[in-house]
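Enquirer: Okay, here's the structure, questions in a sec.
The values are calculated or read from the model by the stated rules, or taken from the named source; none is laboratory data. Please read all numbers here as calculations on a predicted model, not as lab measurements. Glycine also receives a Cβ, built like all others from the backbone with ideal geometry; neighbour counts cover every protein chain displayed.
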Amino acid sequence: MTVTTQEPVKTGRALTHTYTALARNVRTLGLLDRARWFYGLLFGGLMLAIGGVVTGVVLLEESWLQLLMAGAAGVVLTQLAFLGHEASHRQVMASGPANDRAGWVLAVVFVGISYSWWMTKHTRHHGNPNKRGKDPDIATGILSFVEDDAAGRRGVVAWFTRRQGLFFFPLLLLEGLHLHVQSVRSLWDRRATTVQRLELAVLAIRFTAYVAAVLWLLPLGMGFAFLGVQLAVFGLYMGASFAPNHIGMPIIAREVKLDFFAKQLRTSRNVTGGWWVTALMGGLNYQIEHHLFPSMPRPHLAAARRLVREHCRTLDVPYTQANLIAAWGVVIQHLNHVGLAAGSSFRCPVNAQLR
């Protein structure tokens, strides 16, 4: 069941003070304390999973069952990306530098994504989720997220945009490749820092070693098929996990100012389903709590959800959540709705309800 939240959210000094009280309660209950035992077990399990994939590749030899191993590799790399995301939010280690080191290794060495690029992009998103001109995740690209962006598209691009909801999941099969390419492009700059140059060098070594190992173990055609399936599963899994968090939630106009609590609550959606959804989505299903308390470890998010829901009920402010299938449906519906504006001169005041 989907709980909608289209009515205006209360804002102001009083609401900000209630968030302060909520945050104090969260700290008192120890929900911001590190959970190193959990992340140690998770990392150990993922290393065993990588070992299992490698063993499977070696034992299966020249069998097309190798594509199952490729899919498994895509899943494990996505789970490592989730762990890197948590390290970037200071959820894993006790200190900031230790978290950055862990996040860097997970992102660059294991997943093959630039940590500095991801941090810059994701920090901007958390500061202003779904805000025009501030959140890079809703910037105009292949997809349009607001009607007035879609309205400016013409020709073949407009034809595609009008059908972007239909193409959304197929496009996610290319998201893994897109993430790798964007990482390299962000680092390919003569003004790059020493750390960025190091990232680029490590990414080059990582990609070369990975591709060489696959093509050494498998025939050429099977090897490229393996790489294609792994990238497709990685992109689909990543995109399908992040998409329900904010797509289809209200877009905030550039000039609209909201307090922290209203801004994060208004633009975020939780995904219901219990522990299996938490494992599947790496804790991203508790998106509201994650945005309100970005450094909260994954094992504490469920307890925080109960506090936040009760807090919202007391204040009579919306708390949006949906099951996974319904959330994906909202994403597709929103993209289709926005896409209908493609090729039109119409400009919709998408944020009228916030003004």
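Enquirer: Kindly indicate the residue of region 138-162 that is within 23 Å of V256 (Cα to Cα) and either modelled with pLDDT of 95 or more or among the hydrophobic types (A, V, I, L, M, F, W, C) (or both) and also farthest from the chain's Cα centre (by Cα) among those meeting that condition.
Expert: A151
Enquirer: Answer yes or no as to whether V57 is touching a residue at least 60 places away in the same chain (Cβ under 8 Å), closer than 28 Å to L231 by Cβ and assigned to a helix (DSSP H, G or I).
Expert: Considered against the rule, which asks whether it is touching a residue at least 60 places away in the same chain (Cβ under 8 Å), closer than 28 Å to L231 by Cβ and assigned to a helix (DSSP H, G or I), V57 comes out as yes.
Enquirer: Regarding T55, is this residue modelled with pLDDT of 95 or more and either among the small types (G, A, S) or surrounded by fewer than 14 Cβ atoms within 10 Å (Cβ to Cβ) (or both)?
Expert: Here the answer is yes, as T55 does meet what is asked.
Here is a yes/no grid of residues against (1) touching a Pro at 6+ places or on another chain (Cβ under 7 Å); (2) under 19 Å from L83 (Cβ atoms); (3) part of a helix (DSSP H, G or I):
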| residue | (1), (2), (3) |
| --- | --- |
| G283 | no, yes, no |
| I288 | no, no, yes |
| M296 | no, yes, no |
| L301 | no, yes, yes |
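Enquirer: Go through A87, A49, A70 for me and flag whichever is touching a helix residue (DSSP H, G or I) at 6+ places or on another chain (Cβ under 6 Å), surrounded by fewer than 20 Cβ atoms within 10 Å (Cβ to Cβ) and either modelled with pLDDT of 95 or more or within 30 Å of W216 (Cβ to Cβ) (or both).
Expert: Residue meeting the stated conditions: A49.
Enquirer: Taking region 21-40, which residues are basic (K, R), within 23 Å of A81 (Cβ to Cβ) and exposed (fewer than 15 other Cβ atoms within 10 Å of the Cβ)?
Expert: Within region 21-40, R36 is the sole residue that qualifies.
Enquirer: Also, quick follow-up: Of these, D189, D149, D135, which one is among the acidic types (D, E) and either at positive phi or in contact with a Pro (Cβ under 6 Å, 6 or more places away or on another chain) (or both)?
Expert: On inspection, the qualifying residue turns out to be D135.
Enquirer: Return a yes/no flag: does region 271-278 have any residue that is of a type in the set (S, T, N, Q), outside any loop (DSSP other than H, G, I, E, B) and within 25 Å of L177 (Cα to Cα). Working first, answer last.
Expert: Taking region 271-278 and keeping what is of a type in the set (S, T, N, Q), we get 272, 278.
Applying the additional criterion that residues be outside any loop (DSSP other than H, G, I, E, B) yields 272, 278.
Then keep just the ones that are within 25 Å of L177 (Cα to Cα); that gives none.
No - not one qualifying residue is present in region 271-278.
Enquirer: Can I ask one more? I'd like the residue in region 105-120 that is within 14 Å of I205 (Cα to Cα) and in contact (Cβ under 8 Å) with a residue 40 or more places away in the chain and, out of all such residues, is surrounded by the most Cβ atoms within 10 Å (Cβ to Cβ).
Expert: S114
Enquirer: Follow-up question, since we're still on this one. Please go through region 247-276 and give me each residue that is surrounded by fewer than 18 Cβ atoms within 10 Å (Cβ to Cβ) and among the β-branched types (V, I, T), ordered by number.
Expert: Scanning region 247-276 gives V256, T272.
Enquirer: Take region 314-339 and flag every residue that is at pLDDT below 95, under 17 Å from S268 (Cβ atoms) and in a helix (DSSP H, G or I).
Expert: L315, the sole residue that qualifies.
Enquirer: Please return the ranges of helices (runs of 4 or more DSSP H) entirely within region 138-223 where 2 or more residues are in contact (Cβ under 8 Å) with a residue 12 or more places away in the chain and within 30 Å of G329 (Cβ to Cβ).
Expert: Because the criterion is at least 2 residues that are in contact (Cβ under 8 Å) with a residue 12 or more places away in the chain and within 30 Å of G329 (Cβ to Cβ), the helices (runs of 4 or more DSSP H) in region 138-223 that meet it are 147-151, 155-162, 164-172, 175-187.
Enquirer: Continuing with this model, one more query. Keeping to region 92-104, report how many residues are crowded, with 20+ Cβ neighbours inside 10 Å, of a type outside the set (G, A, S) and either part of a helix (DSSP H, G or I) or on the phi > 0 side of the Ramachandran plot (or both).
Expert: Total meeting the criteria: 2.
Enquirer: Please go through region 96-134 and pick out each residue that is over 15 Å from S295 (Cα atoms) and small (G, A, S).
Expert: A107, G112, S114, S116, G133
Enquirer: Which one of R269, R313 is basic (K, R) and under 27 Å from N99 (Cα atoms)?
Expert: Residue meeting the stated conditions: R269.
Enquirer: Taking A87, is it under 30 Å from T208 (Cα atoms) and of a type in the set (G, A, S)?
Expert: yes
Enquirer: Need pairs with beta-carbon distance below 6 Å; first residue over 18 Å from R298 (Cα atoms) and within region 261-277, second surrounded by 17 or more Cβ atoms within 10 Å (Cβ to Cβ) and of a type in the set (S, T, N, Q); sequence gap 6+ or separate chains.
Expert: A262/T11; T267/N130
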